[in-house]
Each structure stands twice: as structure tokens, then as C-alpha cells.
1. What tally of residues in segment 109-145 results from selecting those that are under 26 Å from Leu177 (Cβ atoms) and not aromatic (Phe, Trp, Tyr)?
2. Would you point out the residue of segment 148-159, among those that are in a strand (DSSP E or B) and closer than 22 Å to Leu222 by Cα, that is modelled with the highest pLDDT?
3. Anything in segment 113-147 that is more than 24 Å from Gly257 (Cβ to Cβ) and at pLDDT 90 or above? List them, or say none.
4. Cβ contacts < 8 Å: first residue in contact (Cβ under 8 Å) with a residue 60 or more places away in the chain, restricted to segment 369-391; second residue in a loop (DSSP other than H, G, I, E, B) and of a type in the set (A, V, I, L, M), any location; separation 6+ or different chain. Result?
5. Which of the residues that make up segment 64-85 are of a type outside the set (S, T, N, Q), part of a strand (DSSP E or B) and in contact with a Gly (Cβ under 8 Å, 6 or more places away or on another chain)?
6. Please enumerate the residues belonging to segment 339-367 that are touching a Phe, Trp or Tyr at 6+ places or on another chain (Cβ under 8 Å) and over 19 Å from Glu404 (Cβ atoms).
7. Is it the case, given these coordinates, that Gly383 is surrounded by 14 or more Cβ atoms within 10 Å (Cβ to Cβ), closer than 23 Å to Leu331 by Cβ and modelled with pLDDT under 95?
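The values are calculated or read from the model by the stated rules, or taken from the named source; none is laboratory data. What you are looking at is a predicted structure, and each value in this text was computed from that prediction instead of being measured. Methodologically, a virtual Cβ is constructed for each residue, glycine included, from the backbone with ideal geometry; neighbour enumeration extends over all protein chains shown.
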Amino acid sequence: MKKTILFLFSFILSQNPISDAGSDQVVQLGVQVQLDGSASYDTDGAISSYSWTSNSGIALTGSDTATPSFTAPNETSSLSFTLEVTDNNGNISPSNSTSDIFISEYHDGGSPNQYLEIFNGTDSAIDLTGYELWILKSESDMSWEPIYSTEDEEWETDFWVLIFNSDTSMTNINSYLQLDGDYMQRVDPGLLNPNESLMIIREGEGEDFNFIGQNYVVWDRLVKISGDEPVALFKNGQIIDKIGDDEDVSSSGWDVGEGTTKDHTLIRRSTVVSGNIDWESSALSEWNVFDRDTFNDIFNHNCTSCDNEVIVYVSSPPLASPSYVSDDLLLDSNGDICDTQVTLDASPSITETGNISYQWVDTNDLIDEADLNRKQPSFSTIGVAAGTYEFGLVVFDGLLESTEEIVSITIGDNLCPLASSSVVLQSDESWLEQYPSLVYFESENFTDEGNGVWNEGEVFYDIGDF
């Protein structure tokens with residue numbers, strides 16, 4: 001009798017580990033620098049070895065550890081390092097671990113600050129044709145496959161769809177929808193480049209964050225986001241990422257991280273490399289939660305695990321050099337400023353990169369807030385008490401920030417006399433608008449005699465005496 005022995009083999013496909021070389025760094029010349037690959041991970045095992053490579057000819061100490069170090073050169077430079085990790089199954093991390101776009105930020109903020117952000121962490125530009133964003137109305141019968149009642153001529157579930165680069169939806173809803181109607185709108189962002197974010201904002205005017213010159217589209221249906229409406233990212237009719245569940249939810253939204261989706265800013269953690277259709281696991285470990293109207297990271301998602309490279313920028317910090325414009329500035333006999341306006345000046349500031357932005361620090365509240373980042377902001381001395389005022393200046397060159405430097409401005413007891421059609425002058429801390437022939441200095445009257453001559457009683461003063 002012949003016996004048959006049956007062998008059963010079970011194969012489990014082992015996943016590649018994820019290399020995380022850490023965030024890019026900006027350091028000063030000659031300092032000791034440490035790289036950090038400790039956030040690398042393996043979803044079905046453990047990291048067994050690290051291998052760092054310098055792409056800039058820099059010698060690394062501990063290149064086979066998670067945290068190697070080196071000494072920065074004494075010249076401005078941009079240094080590149082890559083990290084390859086191996087797991088306990090012998091699998092090696094790829095150079096890029098991201099295969100598609102995903103939702104990187106969700107913001108249920110004050111009106112009209114609602115927004116979504118999607119991010120391309122791959123190494124190639126992605127044509128957004130075929131991608132869609134959906135919002136479902138929070139109700140008991142929510143569904144990502146809404147049913148249209150031909151009898152009632154209405155949808156059984158309220159939803160809103162944003163379609164990229166196309167006139168038609170890739171889902172089963174298209175035949176009942178009209179483009180640019182209440183339910184479905186189209187935008188045309190074209191391609192989303194590698195390491196680039198696309199912001200979907202509500203109005204494109206009135207938002208409390210700066211979007212001018214950034215990569216964004218406008219979708220007015222974001223008004224529907226209030227923390228308890230689920231959002232999904234579709235590709236070719238299939239969900240590839242989502243926030244919230246298509247189940248009934250309380251008015252406080254879903255629990256996520258250390259907060260909720262209601263009245264919060266959600267930012268995807270830098271170690272997340274793909275979307276997740278399992279909201280329960282996503283909410284547990286993939287999001288950092290901040291107060292509403294937190295705009296620190298918009299347009300600039302940081303995905304350290306998306307690729308295996310880290311850049312270290314070596315530079316010397318810029319030098320802030322605040323002063324004020326002295327040309328034609330009126331001074332009194334003590335050398336104090338008696339002009340009606342003073343213009344500060346950041347022009348002497350120095351930067352290695354050629355890029356520079358300014359931030360004035362005014363604890364006196366003399367400069368308009370909108371002017372604090374100008375190179376030469378001005379302020380009026382009218383009504384300002386005599387004394388010395390300090391103004392701080394910090395400059396940023398795109399890499400490093402300077403230390404704060406101070407310029408002092410001394411305002412005199414009185415304004416210089418001006419012969420004009422109408423002047424405003426000080427008298428006993430009150431302000432009067434007078435004809436140019438009468439000028440008040442403290443409590444003394446001076447009368448214009450013409451030709452630059454001023455009279456106090458029987459004593460004549462030339463305007464140069466002031």
C-alpha cells in the first residue's frame with residue numbers, strides 16, 4: 001500500500017524595515033554634531049544593525065550605530081548622510097518607504113480656518129487625477145457608499161466630494177451628481193511634487209494663516225468640518241486614508257492621541273509613511289494633537305521616515321545690527337531727537353546666505369504690529385513722553401537666527417518748532433492744533449515774527465536757537 005505524505009508550508013512575507021535618519025539640522029561652524037536614526041523601526045521584527053554613509057566626505061564616528069557623530073567643517077556647507085538599517089530577518093530598508101500621498105494635517109479651527117493637508121513623501125511627482133477627498137455628514141446612517149433614491153430624487157446620506165483634475169468621480173456616485181454643485185467640486189492642482197504638501201483651505205481670504213505664494217486650492221465645503229464629520233482620501237474609487245469612522249460619533253468628535261478631533265489641529269507624526277484606513281489604529285499612534293488654530297507646520301510637513309537621507313546645513317549665524325536713519329533727523333541742543341517721526345534701520349545687518357528677514361522687538365508699543373518685520377519701520381514721536389526707548393532686532397537668514405541686538409532712541413523734552421500750515425504741539429501734556437504763528441513749548445508761548453524769527457515777550461529768538 002502506497003502512502004502519501006503531504007507537506008504543508010506556510011510562507012509569511014516579511015516586511016522591509018523603515019529607515020529614519022532624523023530631521024534635517026542647522027548647525028554652526030566647527031561644532032560637534034550628532035545624527036539620530038533611533039526612530040527607525042520594523043513593523044514585524046526588530047532593527048539589528050545600522051549603516052550610515054556620508055555623501056559629503058565627512059568622517060563619521062560610530063557609523064554602525066544609531067547615533068553617529070562628526071565635527072562640522074569651518075566653512076558654510078550642506079552635508080548629506082544616508083542611513084540603511086537591517087532587521088532580524090535580514091531585510092534591508094529601501095531608500096524611500098512611501099508609495100503614495102496621505103493626509104498629513106486636519107484642522108477643525110475657528111472660522112474660516114478649517115483646512116486639510118495632503119503630502120507626497122515619495123521620490124516622484126504624482127498626478128492627482130483619480131484622487132478625491134470626501135466629507136460625510138455626521139449622522140446615524142453614514143456611508144462611504146451613499147445610496148441615491150430615484151423615487152425621492154435625493155441622497156440618503158449627505159456628503160461632499162472634492163475631485164482633482166477631473167470632471168468625473170471614480171466612485172459609483174458620479175451619474176447622479178452635477179460637477180460644481182452642492183455635492184461635488186473640482187480643482188486642478190496638477191502634479192504634487194516629491195516632499196511637497198497641498199493645502200485645501202476653505203475660503204482663500206480671511207484665514208489667520210499666510211497662504212499667499214503657497215501650494216493650495218480652495219474648497220468651500222470645508223465649512224462642514226466641525227470635528228465630528230469623517231474625512232476620507234480616495235484613489236480610483238478606493239479609500240487609501242481617512243480620519244474618523246463612518247459610524248455615529250459624539251459631538252466632541254473622535255478620541256485621537258491625547259485629545260479629540262473636535263477643536264484641535266491634528267498633525268501626522270514624522271514616522272508615518274502611508275495612509276491608514278483603520279482609524280482605530282491610526283488614532284492611537286499616528287497623530288500629534290495641538291490646540292485649534294496652531295499653524296506652525298502648515299505647507300511644510302516633516303516626514304523623517306519617508307526617505308533615508310538627512311541634510312545638515314553648516315553656517316555661521318547672521319549678525320543683527322539695528323540703528324536708525326539719522327539723515328535730516330531734527331535734534332535739539334542736547335542732541336536728543338525732537339523730530340515728529342523716527343525711522344529704525346536694519347540695513348547694516350549681515351548674513352552669510354544672502355537671505356534675510358527681520359523681526360523688531362518693541363516693548364514700548366510705538367511701532368505698528370504690521371511693520372515689525374520691515375527693514376525700516378517708522379513710528380511717530382507725537383505724544384511720546386521724553387526719555388530713552390530701546391528697540392530689539394533679530395534677523396533670520398533661512399537657516400540660523402541671530403542674537404537680539406538693541407538700539408536706543410532718546411526723545412527730547414519738546415518737539416522742534418516747525419513752520420507749516422498746521423502743526424500739533426505739546427503744552428502741559430495736552431495737545432492743541434494751532435496756527436503756525438503760535439507754538440507752545442511746555443508752558444511758554446512763542447510767536448512767529450516771520451523770516452524765521454520767534455518772539456517770547458520782549459525777547460526775540462531765531463528759529464536756529466531751537
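1. 22
2. Result: Phe159.
3. Across segment 113-147, the qualifying residues are Thr122, Asp123, Ser124, Ala125, Ile126, Asp127, Leu128, Thr129, Gly130, Tyr131, Glu132.
4. Phe391/Ile367
5. To start, the set of residues in segment 64-85 that are of a type outside the set (S, T, N, Q) comprises 64, 66, 68, 70, 72-73, 75, 79, 81, 83-85.
Then drop every residue that is not part of a strand (DSSP E or B), which leaves 70, 79, 81, 83-85.
Correct list: Leu83, Val85.
6. Gln341, Val342, Thr343
7. No.
Residue-by-condition table, conditions (1) more than 21 Å from Gly121 (Cα to Cα); (2) surrounded by fewer than 19 Cβ atoms within 10 Å (Cβ to Cβ); (3) in contact (Cβ under 8 Å) with a residue 24 or more places away in the chain:
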position	(1), (2), (3)
Gly181	yes, yes, no
Asp188	no, yes, yes
Asn193	no, yes, yes
Ser197	no, no, yes
Trp219	yes, no, yes
Glu229	yes, no, yes
Asn236	no, yes, yes
Lys242	no, no, yes
Val256	yes, no, yes
